Every structure is written in C-alpha cells, then in structure tokens.
1. Looking at region 1-12, which of its residues are open to solvent by 40 Å² or more (accessible area, probe 1.4 Å) and not in a strand (DSSP E or B)?
2. Considering every residue within region 35-43, establish whether at least one is buried (at least 17 other Cβ atoms within 10 Å of the Cβ), out of contact with any Asp or Glu (no Cβ under 7 Å at 6 or more places or on another chain) and modelled with pLDDT of 95 or more.
3. Give the residues of region 44-54 that are outside any helix (DSSP H, G or I) and either touching a Cys at 6+ places or on another chain (Cβ under 7 Å) or surrounded by 16 or more Cβ atoms within 10 Å (Cβ to Cβ) (or both), sorted by residue number.
4. Return the residue satisfying two criteria in turn: it lies in region 163-194 and is surrounded by 16 or more Cβ atoms within 10 Å (Cβ to Cβ) and touching a Leu at 6+ places or on another chain (Cβ under 9 Å), and of such residues it is modelled with the lowest pLDDT.
5. From the list Ala122, Ala114, which residue is touching a strand residue (DSSP E or B) at 6+ places or on another chain (Cβ under 9 Å), modelled with pLDDT of 80 or more and over 18 Å from Ala160 (Cβ atoms)?
6. Considering only residues that are aliphatic (A, V, I, L, M), modelled with pLDDT of 95 or more and farther than 16 Å from Ala104 by Cα, look in region 75-92 and name the one that is farthest from the chain's Cα centre (by Cα).
7. Do we have any residue at all in region 143-162 that's of a type in the set (Val, Ile, Thr), open to solvent by less than 10 Å² (accessible area, probe 1.4 Å), within 27 Å of Val30 (Cβ to Cβ) and modelled with pLDDT of 85 or more?
8. Going residue by residue through region 22-34, is there one that turns out to be under 14 Å from the mean Cα position of the chain (by Cα), without any contact (Cβ under 8 Å) to a residue 40 or more places away in the chain and part of a strand (DSSP E or B)?
Amino acid sequence: KEKAFEILAIGDEYVTDATANLEAATTENVAVTTVAVDGANIADHLANYTNGSTVYTKYADGAIASNVSLADVVADGDWDAVVIQLGYWNFMAENSESIDTDTASLVAAIKAAASGAEVFVAESWQCDADCTDERFTDSYECAGEAELMLAWIESAADLAISNAGVSKIAVANATYTLAETASIFGEDNTHLNETGKTAVAKEWISKLIK
C-alpha cells in the first residue's frame with residue numbers, strides 16, 4: 001500500500017477548521033494529524049514544545065486524544081509536511097511583537113526533530129465579528145477596518161517567515177474575497193462553516209501537494 005502523504009498541523013482552536021476538509025480537498029493519499037490548544041499563540045507553542053507540556057488535543061484517524069505533548073507528536077511521526085498556523089490569538093497586540101523570532105525558533109526545533117518534513121506557516125483568516133475587543137490591535141476588523149486587518153494578517157505572516165526559511169500558505173486574501181459574496185463563517189462569526197473550511201483546505205493543499 002502506498003504511503004500516505006503525512007501532514008501535521010499545529011495551532012489554536014481554529015486550526016481544526018483549516019484541516020477539517022483537508023483530506024477531501026485532494027485526490028492524493030493524504031493523512032492529517034492536528035494538534036491544538038485553545039487560546040495558544042506562537043510563543044505558547046514554542047514554550048509548550050520546549051517544556052514538553054501535555055496540553056494539546058490530538059485529532060487523527062477519526063480519534064481524539066487529550067493531554068498530548070507537541071514535542072512527542074512531532075518526534076513520533078513520519079511527517080512530510082508540518083504546518084504552523086498563525087491563529088486568531090496571534091493578532092492580539094501583546095502577542096504580535098515577537099512573532100518573527102518565536103516562529104523562527106519553533107520552526108528550527110521542528111526541523112531538527114522531523115528532518116524529512118517541509119515546514120510551512122499558514123495565515124489565519126479574518127473573523128467577521130461585531131466587537132470592540134481592546135486586546136487586539138487597532139487594525140483589527142472588529143473596529144471596522146477590514147482592509148487594514150487583511151493587510152495586518154498578511155504582513156504578520158510575512159514577518160513570521162522572514163528568517164524562518166519556510167513557505168507561506170496564504171489564505172487571508174482568498175477568504176476575504178470569498179466572504180464578500182458568500183457566507184463562510186459559522187454562528188459565532190469567527191469559526192468557519194463548510195464553505196469556509198473547504199476554501200481554506202484548497203489553499204492549504206495547493207501549497208502542500210506539489
């Protein structure tokens with residue numbers, strides 16, 4: 001039997017939206033494992049990896065496992081691609097300042113442990129929430145500045161990969177454009193519905209499968 005193309009996705013609670021339809025988005029034989037921890041940013045992932053913290057939930061082969069170590073998952077898999085998602089929580093003001101150095105350090109650690117894998121950084125998408133959350137930057141869409149939020153997501157992702165030596169999976173512009181003509185969000189206006197999940201999955205697959 002042909003070996004599946006093994007994908008590991010790392011992120012916060014929103015990364016499961018990005019990976020939900022990943023296998024269905026391609027005719028190739030792919031296997032997806034997702035590890036997530038709610039509210040985590042890149043700095044948290046780096047600290048959790050370094051400390052071996054067992055705070056992740058692992059989604060693989062239709063099963064869910066709790067209290068999992070990110071470091072163990074990275075080391076134990078035969079990964080072809082590892083994707084670090086710059087999720088929702090990376091765009092809180094206090095989390096954005098070290099996004100470039102933290103991403104580079106996390107990428108280096110993953111490359112050392114999973115030597116055969118190509119590492120990617122994936123942009124987040126814009127939420128469509130109607131809020132005034134002061135924890136976020138002034139350009140956050142909740143303040144009504146959708147175009148500025150789009151530019152912020154893209155520039156933050158570019159900064160994160162600038163010295164990490166990885167490829168970017170760009171989804172911010174595609175989902176922003178799609179949201180102008182279609183509903184892509186669930187009831188909370190931040191998580192994706194099936195249309196949004198499929199759109200993001202296609203963007204991921206276009207980069208991951210050469």
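1. Looking only at region 1-12, we keep the residues that are open to solvent by 40 Å² or more (accessible area, probe 1.4 Å), and these are 1-3, 5-6.
Result: Lys1, Glu2, Lys3.
2. Pass one, region 35-43, residues buried (at least 17 other Cβ atoms within 10 Å of the Cβ): 35-37, 40-43.
Checking the rest, the ones that are also out of contact with any Asp or Glu (no Cβ under 7 Å at 6 or more places or on another chain) come to 35, 41.
Restricting the remaining residues to those that are modelled with pLDDT of 95 or more gives 35.
So far as region 35-43 goes, yes, one or more of its residues are buried (at least 17 other Cβ atoms within 10 Å of the Cβ), out of contact with any Asp or Glu (no Cβ under 7 Å at 6 or more places or on another chain) and modelled with pLDDT of 95 or more.
3. If the condition is that a residue be outside any helix (DSSP H, G or I) and either touching a Cys at 6+ places or on another chain (Cβ under 7 Å) or surrounded by 16 or more Cβ atoms within 10 Å (Cβ to Cβ) (or both), then Ser53 is the only one that fits.
4. Tyr176
5. Numbers: Ala122 fails: over 18 Å from Ala160 (Cβ atoms).
That would be Ala114, the only listed residue that is touching a strand residue (DSSP E or B) at 6+ places or on another chain (Cβ under 9 Å), modelled with pLDDT of 80 or more and over 18 Å from Ala160 (Cβ atoms).
6. Taking the candidates together, the pick is Ala75.
7. Of region 143-162, the ones of a type in the set (Val, Ile, Thr) are 153, 161.
The next check asks that each one be open to solvent by less than 10 Å² (accessible area, probe 1.4 Å); those that pass are 153.
Next, from what is left, pick out any that are within 27 Å of Val30 (Cβ to Cβ): 153.
Next, only the ones that are modelled with pLDDT of 85 or more stay: none.
Looking for residues that are of a type in the set (Val, Ile, Thr), open to solvent by less than 10 Å² (accessible area, probe 1.4 Å), within 27 Å of Val30 (Cβ to Cβ) and modelled with pLDDT of 85 or more, one finds none in region 143-162, hence no.
8. Our first condition is that a residue be under 14 Å from the mean Cα position of the chain (by Cα); within region 22-34, this holds for 22, 32-34.
Okay, now just the ones that are also without any contact (Cβ under 8 Å) to a residue 40 or more places away in the chain, so 32, 34.
Cutting the leftovers down to part of a strand (DSSP E or B) gives us 32, 34.
Within region 22-34, one or more residues are under 14 Å from the mean Cα position of the chain (by Cα), without any contact (Cβ under 8 Å) to a residue 40 or more places away in the chain and part of a strand (DSSP E or B).
The values are calculated or read from the model by the stated rules, or taken from the named source; none is laboratory data. These numbers were taken from a predicted model, which means no experiment stands behind them. FYI the Cβ positions are ideal-geometry reconstructions off the backbone, even for glycines, and counts take in every protein chain you see. For the accessible areas, the whole protein counts, side chains as well, though only heavy atoms, and no ligand, DNA or RNA atoms are used. Shrake-Rupley method; radii C 1.70, N 1.55, O 1.52, S 1.80 Å.
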